[in-house]
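Here is the structure we will look at, set down as structure tokens.
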Amino acid sequence: MDNQKPKNIVIIGGVAGGATAAARLRRLDENAEITVLEKGPYVSFANCGLPYFISREIQRRSHLLLQTPEGFFGRYRVNVRTNTEAVGIDRQKKQIAARSPKGDVTIPYDKLILAQGGSPLIPEIPGISGDHVFTLWTIPNMDRIHKFIDEKHPLSAVVAGGGFIGLEMAEALRARGIGVTVVELAPQIMISMDAEFAAMIRAGLEENGVAVRTGVGLSAIHQGSVDLTDGSTIQADMVLLSVGVRPELTLAKAAGLEIGTTGGLLVDETMRTSDPDIYAAGDMVEVVHKVHGKKVRVPLAGPANRQGRIAATNVLGGAMTYRGALGTSVVKLFNRTAASTGLSEKAAREAGFTVGVAYAFKDNHVSYYPGGRPLALKIVFDMTTSRLLGGQAYGEAGVEKRIDVLATALHGRMTLEDLSELDLAYAPPYNSANDPINIASFIGQNHIQGYSPLKTPAEALREIAGGTVLDVRTTGEQSKAPLEGAMHIPADEVRDRLQEIPTSGNIYILSKDGFLGHTTLQILKAAGRKGVYNIAGGYLAVRWTDGWTFNA
Ligand SMILES: Cc1cc2nc3c(=O)[nH]c(=O)nc-3n(C[C@H](O)[C@H](O)[C@H](O)COP(=O)(O)OP(=O)(O)OC[C@H]3O[C@@H](n4cnc5c(N)ncnc54)[C@H](O)[C@@H]3O)c2cc1C
């Protein structure tokens, strides 16, 4: 820290990034004057917890209010001005114009930290301002929804947007006994994940009574119903909008601060904006993606908090850097969890990587110990360097553990070789001797080395004309979901029935989860067959991939 510490630091925005920055400033400098301007009525509230108050899993509203202005002052001697909106930044005079019920004020600063977050996108459609139409962003938003449900007893709801907040709200509304339809404009929900994971998640939602419509948007909202862009109408006593986040940049733009290529506020790795006396953190900024190095916006609480900490440190002359985000996220969906980190397969291809993928469909712990729950894991890697690029998981248990390990591996720029050597905790109630991450990395290594070449379900589908799908599932497994046009020889019979397998054209092996496909592939290779591929993830991945049809 230098000796010329600024004495007067103003923070605009008092929740995730702003509150963290304020507390950090005080811990680093007992003498600084620290002021937080917050336009809402609450400082440092738990916005991530709002859906769980609606669902009633969190019963007490006060549990969401993490700090009060008085509490902040008592502990940190930070002046928090709630209901005070900053309306202008005069960079020459280094002062903020702010508006509050008590009147307009001008607040000088030596250094300024912007932590204004974002605001929910509101589509411009007829009926959008109805009193049964909601967003969930703040405590007052939450109160309005809660009151509406208590007083009006809605029977049906439409949630517009199938991202994590929309899906959390779908679950919350179901918990209140409301019939829910999620309407998503994109072809799939959870667009940060690949299509097969979105399909698994969708099936899980449907199993819990949530209807899902994709590829359509809202075109009009009425009392009791909404019209969709495909001409259909669905019942909706209430509508929850969750269609995206816009960074809050009005002030920054008016002050002439530079905006980045993604539409977020431009900051350098010290979280400094284009004005050396103004730093910024959280949903309003754009940052570097740790995997592909491009600029991205990652509106998540973890990055906001860490960026706030770094901004505060550097405002006081420190030299901390923010090296980028991975977009690691996790969402509880009824009895299951979905999580991802880094790049999806789709995002990795768009970023120009030569992509490989591997799946592990395992129980969260050994199957002989009671209570194992199925877990779907996918890793995405670079075929050229073997570097991990991303991971996705879905299941009832052990999901977030795997994703956190993969996030750590991504931070360390690990390769499949590193992952295959990871020494992860094992005892029967917790894991298998080879964690699903070890297994997925073995599969990826075997693929890269050409020992057991894979085709993704989508690649295999594109190529199978002229080739043969060899279904090696057991007769019991195959008869439950036969694949039309496939040749069925159970894996254990392949050695004795080799002569039945065509000798021309490629062979695409379909097993239950890819494991016996790998074994079968070695048998065929040893018999001199060429052009043999194992379908990655087997039936458990293929069944969620568009274009494959199994007879029921
Ligand atoms: C319902 C919900 C659930 C979420 N769940 C998760 C989750 O599970 N995991 C996760 O990682 N993330 C989650 N998020 C996202 C996470 O909350 C945000 O990424 C994080 O809060 C961003 O922090 P921030 O400091 O940038 O902005 P915010 O926390 O939004 O704070 C910005 C504050 O600035 C104030 N402000 C803006 N302009 C002005 C002005 N001109 N003057 C004064 N004050 C101003 C706003 O009133 C606001 O309170 C969730 C968000 C919501 C809404």
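The values are calculated or read from the model by the stated rules, or taken from the named source; none is laboratory data. Values in this document were obtained by computation on a predicted structure and should not be read as measured data. Note that each Cβ is placed from the backbone with ideal geometry, even for glycine, and that neighbours are counted across all protein chains shown. We work out accessible area using only protein heavy atoms, side chains counted, and drop any ligands, DNA or RNA first. Shrake-Rupley method; radii C 1.70, N 1.55, O 1.52, S 1.80 Å.
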Worksheet entry | For segment 437-536, share of DSSP beta bridges that run antiparallel, in % to the nearest 5 | 0 percent
Response to the item:
Partner aspartates and glutamates whose C-alpha sits under 16 Å from that of K530, ignoring same-chain residues fewer than 8 away, are E463, E500
Item to complete: First compute the accessible area of segment 16-126 with a 1.4 Å probe, then give the percent of it belonging to carbon and sulfur atoms.
Response: 48 percent
Worksheet item: For the charge dipole of segment 46-120, defined by +1 on Lys and Arg C-beta atoms and -1 on Asp and Glu C-beta atoms about the Cα centroid, which residue among G88, I113, C48 has the Cα displaced farthest towards the positive pole?
Response: I113
Worksheet item: Taking the simple approach of a point 7 Å from Cα along Cα-to-Cβ for both Y426 and S62, what is their distance in nm?
Response: 4.9 nm
Discussion item. Run the numbers for H153 and A351: contour at 0.36 nm per residue of separation, minus the present Cα-Cα distance, in nm.
Written reply: 66.6 nm
Discussion item. Rg over Rh of segment 348-485, using C-alpha atoms and the Kirkwood radius, what does it come to?
Written reply: 1.00
Fill in: Probe 1.4 Å, accessible area per residue of the chain, Å²
43 Å²
Worksheet entry | Carbon and sulfur %, accessible surface of segment 208-253 computed with the full protein complex present, 1.4 Å | 47 percent
Worksheet item: On the accessible surface of segment 364-507, probed at 1.4 Å, how many percent belong to carbon and sulfur atoms?
Response: 51 percent
Discussion item. Taking every DSSP beta bridge with both residues inside the chain, roughly what % is antiparallel (nearest 5)?
Written reply: 55 percent
Discussion item. Per DSSP helix of 4 or more residues, -39500 (n - 2.57); summed, then divided by the residues of the chain. What does that give at 222 nm, rounded to the nearest 500?
Written reply: -8000 deg cm²/dmol
Worksheet entry | Between segment 311-367 and segment 121-182, the Cα center-to-center distance that results, in Å | 28 Å
Response to the item:
When the charge dipole of the chain is computed with +1 at the Cβ of Lys and Arg and -1 at the Cβ of Asp and Glu, the Cα pointing farthest to the positive end, of Y368, S479, N31, is that of N31
Fill in: Degrees between helix 436-448 axis and first principal axis of the chain (Cα, 0 to 90, nearest 10)
60 degrees
Practice prompt. Between A175 and R99, take the C-beta separation as r, use R0 = 56 Å, and let me know the FRET efficiency to the nearest 0.05.
Written response: 0.90
Discussion item. What is the angle, in °, between the Cα long axis of helix 195-207 and the longest principal axis of the Cα atoms in the chain? Nearest 10 is fine, range 0 to 90.
Written reply: 80 degrees
Discussion item. Given all pairs of different Cα atoms, what value in angstroms does the Kirkwood hydrodynamic radius of the chain take?
Written reply: 25.8 Å
Discussion item. If exposed means no more than 15 neighbouring beta carbons inside 10 Å and the site is in a DSSP loop, what's the longest run of the chain without any exposed GluC sites (Glu not before Pro)?
Written reply: 270-483
Worksheet entry | Neighbour cut-off at most 15 other Cβ (10 Å), DSSP loop, trypsin sites (Lys or Arg not before Pro), segment 239-309 | K294
Discussion item. Going through the cross-link list K152/K332; K332/K378; K7/K94; K455/K525; K94/K253, which pairs have a Cα-Cα distance over 21 Å in this structure?
Written reply: K152/K332
Worksheet item: Residue separation times 0.36 nm, minus the C-alpha to C-alpha distance between R144 and R529: what's the value?
Response: 132.0 nm
Worksheet item: If you stretched the chain out fully between H411 and T475, how much longer would it get, using 0.36 nm times the residue separation minus the C-alpha to C-alpha distance?
Response: 18.7 nm
Worksheet item: Which one of T520, A195, W137 is farthest out on the positive end of the charge dipole of the chain, using unit charges on Cβ (Lys, Arg +1; Asp, Glu -1) and the Cα centre as origin?
Response: W137
Worksheet, complete the sentence: Quick note, segment 109-162: a/c under 1.5 would make it rounded; otherwise a/b > b/c is prolate and the rest oblate (a ≥ b ≥ c, C-alpha gyration tensor); here it is prolate
Discussion item. Only sites in a loop by DSSP and with at most 12 other Cβ atoms within 10 Å count here; which trypsin sites (Lys or Arg not before Pro) in segment 79-117 make the cut?
Written reply: K93, K102
Fill in: Student exercise, the chain dipole from Lys, Arg, Asp, Glu Cβ charges, in Debye to nearest 20
1020 debye
